[in-house]
Amino acid sequence: MTWSEMQPLLSQACSETLSMVLWSTLIAVAVGLPLGILLVLTDRGGLLQNVVANKVIGQIVNIGRSMPFIILMVALMSFTRWVTGTTIGTTAAIVPLAIGGIPFFARLVETAVREVDNGLVEAVQAMGGNTWTIVRKVLVPEALPSLIASTTTTIIALIGYSAMAGTVGGGGLGDLAVRYGYQRFETQLMWITVAVLAVVISLIQFAGDYAARSLHKRGARSGPAPKLRLLKTEETDLGKAA
């Protein structure tokens, strides 16, 4: 197979993979972020302590994380068909990718939020800050470098999942590698696919690491004092308005 024949196949496969990963990442972050924060807030000693709710949410997350992705895809076929009208193609693959990414990202968020200095939380509570203020002004901003790193890890994991989705009709680079590299013995195309995946993952990891380091350095320079002064100013303004 010549390069002119490979190029359109690679372009389409890359487009399908990026589409699957982009939409599944957005859904995983949108659902996994509040889920991970909720795991911290409802834990023992948390701001919204509820042991029963915490155990239920934690068990659901654990079940989602423990299931191999290829089995999850098969198990969700009926649900995928109900949502998208089909079980084959890029759009159908987004459903199991997103559902598989949610518990994965939620646990990473939980770990990141637990690393936030409890002294900042106590200081905001002493100023009269409510739970929403603490989440919005302390937990998320302070954990942001770790959250960026967690998002990077999730994206890379979803790229791997998307390759597996390609083996069962999901499209993308995985489908290309199996159909041409394995079934038609186009070894050159298969190795080019592997190289493309390696380059994409390396670029994403570099961008994520750079963003996380930049945020961490900026946070280290500012320190906790400016944040607390800002919170105190906002609380004072609210008090005057009342």
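Scanning segment 181-190 for residues that are part of a helix (DSSP H, G or I) and either β-branched (V, I, T) or open to solvent by 30 Å² or more (accessible area, probe 1.4 Å) (or both) yields a count of 4. Sub-8 Å Cβ pairs linking a first residue in segment 41-67 that is within 15 Å of T111 (Cβ to Cβ) to a second residue that is open to solvent by 70 Å² or more (accessible area, probe 1.4 Å) and among the hydrophobic types (A, V, I, L, M, F, W, C), at least 6 apart or interchain, are L41/L48, ordered by first then second residue.
Does A157 count as modelled with pLDDT of 90 or more and open to solvent by 20 Å² or more (accessible area, probe 1.4 Å)? Yes: the conditions hold for A157.
Listed here are the helices (runs of 4 or more DSSP H) enclosed by segment 105-174 that have at least 2 residues being over 30 Å from M77 (Cα atoms) and under 18 Å from the mean Cα position of the chain (by Cα): 140-166. Just name the residue that is least open to solvent (accessible area, probe 1.4 Å) out of those in segment 99-135 that are charged (D, E, K, R) and touching a Gly at 6+ places or on another chain (Cβ under 8 Å). In this case the residue turns out to be E110.
Within segment 151-170, residues that are more than 15 Å from C14 (Cα to Cα) have Cβ atoms under 6 Å from residues that are open to solvent by 30 Å² or more (accessible area, probe 1.4 Å) and small (G, A, S) in no pair, counting only partners at least 6 apart in sequence or on another chain. Restricting attention to segment 195-214, the residues being surrounded by fewer than 13 Cβ atoms within 10 Å (Cβ to Cβ) and among the β-branched types (V, I, T) number 1. Residues that are more than 17 Å from T151 (Cβ to Cβ) and crowded, with 20+ Cβ neighbours inside 10 Å were ranked within segment 16-29; the one that is farthest from the chain's Cα centre (by Cα) is E16.
The values are calculated or read from the model by the stated rules, or taken from the named source; none is laboratory data. Source: prediction; values computed, not measured. Glycine also receives a Cβ, built like all others from the backbone with ideal geometry; neighbour counts cover every protein chain displayed. In case anyone asks, the SASA skips ligands and DNA or RNA and just uses the protein heavy atoms, side chains included. Shrake-Rupley method; radii C 1.70, N 1.55, O 1.52, S 1.80 Å.
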